[in-house]
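J.: Dumping the structure here so I can ask a few things about it.
The values are calculated or read from the model by the stated rules, or taken from the named source; none is laboratory data. This one's a predicted model, so the numbers in the text were calculated from it and none came from an experiment. Counting neighbours? That spans all protein chains shown, and the Cβs are built from the backbone with ideal geometry, glycine included.
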Amino acid sequence: NAGVTQTPKFRILKIGQSMTLQCTQDMNHNYMYWYRQDPGMGLKLIYYSVGAGITDKGEVPNGYNVSRSTTEDFPLRLELAAPSQTSVYFCASSHRDKPYGYTFGSGTRLTVV
Amino acid sequence: RKEVEQDPGPFNVPEGATVAFNCTYSNSASQSFFWYRQDCRKEPKLLMSVYSSGNEDGRFTAQLNRASQYISLLIRDSKLSDSATYLCVAGRNFGNEKLTFGTGTRLTIIP
C-alpha cells in the first residue's frame, strides 16, 4: 500500500516555464488537497477536491490549476512559474467518513530561478 | 485572527522532562481535531486524533476544551526522537474536509 505518491521530489524551473506536479493515492480516498509550505511557515491550501470531477480553490490558488479526472489522481499545474512559487508542495488525501485526518505525500521541493 | 494559533516556540527541553503545548481555534463549529508531527524537511504525519473526553497514546496525552476552544498536547518522559515541529489541526466537520493547520510549535529535546 503506497499511500500518497508525489513526483517529482525536486525540480528547478526557470521563470516563465510550466510544469505539472503529480499526485496519486491508492487508498480510495474521496478528498485530495494541495498545500504549499514556505520555509518556517505553515501549510497554505492551494486547491482541493471532494471527488472526481470536482475541484475548488483554497486560500492561495493564483498561478495554479488542478484537475481531478479520477479518484486516484490530482495533478497540480503551474503555469508561467514565478520566484514566489518557490516552495515545498504537499499533496494529501483523506476519507470522507473516517476521522483519521490527512495522509500526506513526501513533498515536491520546487525552486524557480 | 488565525483560525488555529500556536506558540511557535522553540521549546528546548531536557530529555526525560514533560512538555505541554497549547493551541487555540477560532471556529466554534470545528468538529475534528488532530496533532500532527513534522520532522525537518519531511511531510506532516498524524500523531493522534483529539477526542472530547481526552485521549492517551503511550507517552502522549491530548485534551480538548470546547468551552475555551483550545487543544493541548502533553508529552511525558520526552525522548530525543520527539524533537520535531508539532502542528495543531482543526476541522469543520467530521469528514475531514479542509482541515486547518496551525503554523506549528518547534520542540527540541536536549540530551
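J.: Here are some conditions: (1) of a type in the set (Ser, Thr, Tyr); (2) exposed (fewer than 13 other Cβ atoms within 10 Å of the Cβ); (3) closer than 23 Å to A:Lys98 by Cα. B:Ser68 meets all but one. Which one does it not meet?
T.: Every listed condition holds for B:Ser68 apart from (3).
J.: Could you figure out which of (1) within 13 Å of another protein chain (Cβ to nearest Cβ); (2) modelled with pLDDT of 90 or more isn't true of B:Gly91?
T.: Failing condition for B:Gly91: (2).
J.: If you check A:Gly63, A:Gly53, A:Gly16, which single one turns out to be in contact with a helix residue (DSSP H, G or I) (Cβ under 9 Å, 6 or more places away or on another chain), surrounded by fewer than 20 Cβ atoms within 10 Å (Cβ to Cβ), more than 14 Å from every other protein chain (Cβ to nearest Cβ) and on the phi > 0 side of the Ramachandran plot?
T.: A:Gly63 is the lone residue from the list that is in contact with a helix residue (DSSP H, G or I) (Cβ under 9 Å, 6 or more places away or on another chain), surrounded by fewer than 20 Cβ atoms within 10 Å (Cβ to Cβ), more than 14 Å from every other protein chain (Cβ to nearest Cβ) and on the phi > 0 side of the Ramachandran plot.
J.: Considering (1) within 14 Å of another protein chain (Cβ to nearest Cβ); (2) of a type in the set (D, E, K, R); (3) under 19 Å from A:Gly101 (Cα atoms), say which one B:Arg41 fails and leave the rest.
T.: The one condition B:Arg41 does not meet is (3).
J.: Please pick out the residue among B:Asp82, B:Asp7, B:Asp57 that is away from chain A (no Cβ under 11 Å) and at pLDDT 95 or above.
T.: None of the others qualify; the one that does is B:Asp82.
J.: Filter the range B:24-38 down to the residues that are within 14 Å of another protein chain (Cβ to nearest Cβ) and small (Gly, Ala, Ser), then identify the one that is nearest to B:Arg92 (Cα to Cα).
T.: B:Ser30
J.: Taking A:Glu79 as the residue in question, decide whether it is more than 11 Å from chain B (Cβ to nearest Cβ) and touching an Asp or Glu at 6+ places or on another chain (Cβ under 8 Å).
T.: No: the conditions fail for A:Glu79.
J.: OK, next. Taking the conditions exactly as written (under 12 Å from the mean Cα position of the chain (by Cα) and under 19 Å from A:Ser94 (Cβ atoms)), does B:Gly102 satisfy them or not?
T.: So B:Gly102 passes the test.
J.: In addition: Scan the range A:95-113 for residues that are more than 7 Å from every other protein chain (Cβ to nearest Cβ) and not in a loop (DSSP other than H, G, I, E, B) and report the count.
T.: Summing the residues that are more than 7 Å from every other protein chain (Cβ to nearest Cβ) and not in a loop (DSSP other than H, G, I, E, B) in the range A:95-113 gives 6.
J.: Within the range A:36-43, identify whether any single residue is of a type in the set (A, V, I, L, M, F, W, C), assigned to a strand (DSSP E or B), free of Cβ contacts under 8 Å to residues at least 60 places away in the same chain and within 13 Å of chain B (Cβ to nearest Cβ), and answer yes or no.
T.: Looking through the range A:36-43, at least one residue is of a type in the set (A, V, I, L, M, F, W, C), assigned to a strand (DSSP E or B), free of Cβ contacts under 8 Å to residues at least 60 places away in the same chain and within 13 Å of chain B (Cβ to nearest Cβ).
J.: Can you pull out every residue in the range A:21-37 that is surrounded by fewer than 14 Cβ atoms within 10 Å (Cβ to Cβ) and either within 12 Å of the chain's Cα centre (by Cα) or under 17 Å from A:Ile54 (Cβ atoms) (or both)?
T.: A:Asn28
J.: Here is a further query. Is it the case that the range A:83-99 has a residue that's within 21 Å of B:Ala90 (Cα to Cα), more than 12 Å from the chain's Cα centre (by Cα) and of a type in the set (Ser, Thr, Tyr)?
T.: Within the range A:83-99, one or more residues are within 21 Å of B:Ala90 (Cα to Cα), more than 12 Å from the chain's Cα centre (by Cα) and of a type in the set (Ser, Thr, Tyr).
J.: Could you identify the single residue in B:Leu74, B:Leu99 that is touching a strand residue (DSSP E or B) at 6+ places or on another chain (Cβ under 6 Å) and within 11 Å of another protein chain (Cβ to nearest Cβ)?
T.: Just a single option satisfies the conditions, and that option is B:Leu99.
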